[in-house]
Structures are given as C-alpha cells and as structure tokens.
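Comments concern the structure below.
The values are calculated or read from the model by the stated rules, or taken from the named source; none is laboratory data. Values in this document were obtained by computation on a predicted structure and should not be read as measured data. Here the Cβ positions follow ideal geometry from the backbone for every residue, glycine too, while neighbour counts run over all protein chains shown. Remember, those area values only see protein heavy atoms, side chains included, never the ligands or the DNA or RNA. Shrake-Rupley method; radii C 1.70, N 1.55, O 1.52, S 1.80 Å.
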Amino acid sequence: PGSTRLRSWAASAVIKVQVFPTPTAALDPRRSSGDAVAEPLRVHAGLRGGALDARVAELLDAVGLPAAWRRRYPHELSGGQRQRVAIARSIALRPRLLIADEPTSALDVSVQATVLELLRELQRELRFACLFISHDLAVVDELCDRIVVLQHGRVVEEGRRTQVLRAPRHPYTSALIASSPVPDPLVQAQRHTA
C-alpha cells in the first residue's frame, strides 16, 4: 500500500525538476547512467526490480540512448549524451514543470540543436511546462512561447516571444537584442559601427 501511494503521488503531484547547465557536475561520476536515472524512481516512486529496470530502459529510449548504456559512467559519455541522461532523470517522475537552466550552454552548436529538439519533443509528448533560462537569445527565439526579461532580478518586460524579440518596449531588452551575435558577419559589423 505504501508504494502504491507513492506511485500515485509521483504521477499526480506538481513536481519541479531541473536540468543543469553542466551535466558533468549534475551526474555522480561513481554511479552509472542507469543508476542516475533510477534514483528518483527508487526514492520517490518506490520502484524496484524489473519494473525499475523497464522504466529506466524506457526513459533512456525516450532521450535517444540505447538501454544498454545504462551501465556506462559519465566519463564514458559525450557532453550531449550526459545531458540526455540528465534529461531522462528529470522526466522520470513525469513532472508538470521542468526548469531548464542554460541546459545547452556547455554544448557545441550541433549538439545544442539536438538537445533542444529533444526537449521540444518531450514537452509535446509528456505535456509538461518548461521554464527555460538562457542568455542565448537565438535559443530563446527557437524554443520559447513567452519571454520574461530580468534586469538585476526584476522583471522589466514580458510577453509573447515575437513581441518581446521583434518589438521590445524596454531599453534593457533592446540592448540585450542589440548585443546578441548574429550569424551574418556583415550585419554584425554594421551593428558595431552604428
């Protein structure tokens, strides 16, 4: 009865989890990736044995990693693979809110794109809210529906992505957008001479 209550609580509670900027720091180097994903399921959902193994395999599959990789340790994985393990762990209890604090800042651009697409797919499939924290406005533009701009811990602007990024109302927001790099070197050069 106790474990049934825990499973029910884990499936229905407003659970907040966080994906950290550096998956190396978020994963214990002494524990396998499977152990990292299994921990919240053991502690909060009371899963054990075959049910736990099956759920870990399912979560690794959901983030695009083979179930056999559950035996690999963080040092045996690339940065993107470590971030996928961290994401698998963060969705293990089916959270209603996922806080992604600069989840791609430690990754190269090509890996960033795949991790962002993974987050987008998981959010669509699992229907959780995602609070995405980033200084990278290109990533924010790609991923977010609504934006809140903070300056010294205070909200200075908020609204739909297109409104905030295309027609900012606050000078700080305008300055952030102007300082954000653009892929075209000529446009970037013009911004600095203007």
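Points to keep in mind about this one:
- In terms of the mean number of neighbouring beta-carbon atoms within 10 Å, the peptides 89-102, 137-150 order highest first as 89-102, 137-150.
- Within the accessible area of the stretch 45-157 (1.4 Å probe), percent carbon and sulfur: 50 percent
- Value of relative contact order over the stretch 115-179, rounded to a whole percent, pairs C-alpha under 8 Å and six or more apart: 20 percent
- Per-residue 3J(HN,Hα) values for the stretch 149-163, derived from phi via the Karplus relation 6.51 cos²θ - 1.76 cosθ + 1.60 with θ = phi - 60°, read 9, 10, 10, 6, x, 10, 6, 10, 7, 8, x, 5, 3, 5, 5 Hz in sequence order (x marks Gly and Pro).
- Shape call, the stretch 54-163: gyration tensor on alpha carbons, a/c limit 1.5: prolate
- Where the stretch 71-194 is the region considered: accessible area per residue in Å², 1.4 Å probe: 61 Å²
- In this structure, the amide hydrogen of residue 151, modeled 1.01 Å from its nitrogen in the peptide plane, lies closer than 5 angstrom to those of 156, counting only residues at least 5 positions away or on a different chain.
- Percentage relative contact order, the stretch 145-187, counting C-alpha pairs under 8 Å, at least six apart: 27 percent
- Net charge in the neighbourhood of residue 161 (other residues with Cβ under 15 Å of its Cβ; Lys, Arg +1, Asp, Glu -1) is -1.
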